[in-house]
Amino acid sequence: MQFFTILLNFAYAIIGGFVTLFFMWFGYKLFDKLTDFDTSKELANGNRAVGLVVLGIFIGIGVAIGLVIGLGLN
């Protein structure tokens, strides 16, 4: 019984990782659509301000989804 619980929590963690990556991708694409410049080109040109905003999006979404998934395991 304990092995099944460990296996189930591991599966939840793997699925949660993919869900988090999906929402990070979605947040990046949404930010790219809402701004009037191409985010990928600005990052390639070394625009640190855009990089910090994208960093903030990734950290914020990662923490939020991570908390939701973590609380769902209990």
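The residues listed here are PHE10, PHE18, PHE26; of these, the one that is assigned to a helix (DSSP H, G or I) and at pLDDT 90 or above is PHE26.
Let's see how each residue does on (1) of a type in the set (Asp, Glu); (2) touching a Pro at 6+ places or on another chain (Cβ under 7 Å); (3) at pLDDT 90 or above:
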position: THR5; (1), (2), (3): no, no, no
position: LYS33; (1), (2), (3): no, no, yes
position: THR39; (1), (2), (3): no, no, yes
position: GLU42; (1), (2), (3): yes, no, yes
position: ARG48; (1), (2), (3): no, no, yes
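The values are calculated or read from the model by the stated rules, or taken from the named source; none is laboratory data. Remember, it's a predicted structure, so these values are computed and weren't measured experimentally. Backbone-built Cβ (ideal geometry, glycine too); neighbour counts: all protein chains shown.
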